[in-house]
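The values are calculated or read from the model by the stated rules, or taken from the named source; none is laboratory data. Owing to the predicted nature of the structure, the values given are computational and were not obtained by experimental measurement. Glycine gets a Cβ as well: all are built from the backbone with ideal geometry, and neighbour counts include every protein chain shown. Ligands, DNA and RNA are stripped out before the accessible areas are found, and what is left, the full protein with its side chains, is counted by its heavy atoms. Shrake-Rupley method; radii C 1.70, N 1.55, O 1.52, S 1.80 Å.
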Amino acid sequence: MGERPVVTPSAGITPVQQMLASGTGALLTSVFVTPLDVVKIRLQAQQTPFYQGKCFLYCNGLMDHIYVCQYGASCTSWYKTPTHFSGTLDAFVKITRNEGVRSLWSGLPPTLVMAVPATVIYFTCYDQLRDLLRYGMGFQGNYIPLVAGGLARLGAVSVISPLELVRTKMQSQKLTYSELRVCIRSSVAQDGWLSLWRGWGPTVLRDVPFSALYWFNYELVKAQLCDQYDVSQATFSISFTAGAISGAVAAIMTLPFDVVKTRRQIQLGEMETLGVPMKNPTSTWHIMRGIWAESGYRGLFAGFLPRVIKVAPACAVMISTYEFGKIFFQKMNLDREQQAC
């Protein structure tokens, strides 16, 4: 009777299988990128030691984490050895030799606790929203990945933002997990429920445009590469290349918002640590104007090369692993259907 054919989400795999594929990709990405950021922070600490009460930002390609220094130069195990590093390669060698290989993955636990679930939510929501717009609502056009990517990231950021703020407070005040409820109640009683989303605005301004641009460019580049190599489905190498290119482009275009978000996160973390009452946060645009007045456009694009070097391979590993996982489950489901017949 001319009914629309039923299209299963993401080419015949279930949401649970999407979650497994994205979880595997997030795990591999964090394992791959974490040593790079550990070395970067060790080199940074060598140049500008972190004093007591100082916060620093650790980001491993999946998620940002605020760490609080409680004991001056030895604020965490990452700074316990006063070894001098002459460069990145020298840092890798000396950390491995003097502290063991495991030290290169010092920042992995918080990633596994928070970033992996957030990534699972993000990637699964993207596929579901994309398929809903295309097949459920009948929309067509290149803008669909743009919309689906932005909405998926908005949801993931909104879910994980209170957890990140609470984790920072627990760390700064040395609270145990049994005191988590007390921590949440104190925050809500003092500043209301919206206080749990403090810092949400700058995060959204960076992450939502990044995700929208990333998925828009990824789908375009992937389609062009598939046409160029005359394949109907993206291979691992095509997904890897498309992920790296789209990740680099999105990272460059959203870098000013990343600079603002980093400043805001560190400021909030230090205020939590010192017990300073939270004042009304400076707007994102005001901070950007201040940076422009101080350093010009170079200030807004500070950290350009390190961000691209980290984000591009992280995006490439994540998306190629995710696509490989989806293909694996597609084949598995197809084999099951054939065996059932």
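Quick notes on this one:
- Taken together, the residues in region 14-59 that are part of a loop (DSSP other than H, G, I, E, B), touching a Phe, Trp or Tyr at 6+ places or on another chain (Cβ under 9 Å) and either within 19 Å of Ser106 (Cβ to Cβ) or at pLDDT 85 or above (or both) amount to 3.
- Thr282 being within 26 Å of the chain's Cα centre (by Cα), outside any helix (DSSP H, G or I) and modelled with pLDDT under 80: yes
- Among residues of region 295-315 being more than 16 Å from Phe210 (Cβ to Cβ) and not in a helix (DSSP H, G or I), the one that is modelled with the lowest pLDDT is Ala302.
- Tabulated pairs, region 242-262, first over 16 Å from Gly296 (Cα atoms) and among the aromatic types (Phe, Trp, Tyr), second open to solvent by 40 Å² or more (accessible area, probe 1.4 Å) and modelled with pLDDT of 90 or more, C-beta under 7 angstrom, 6+ apart or interchain: none
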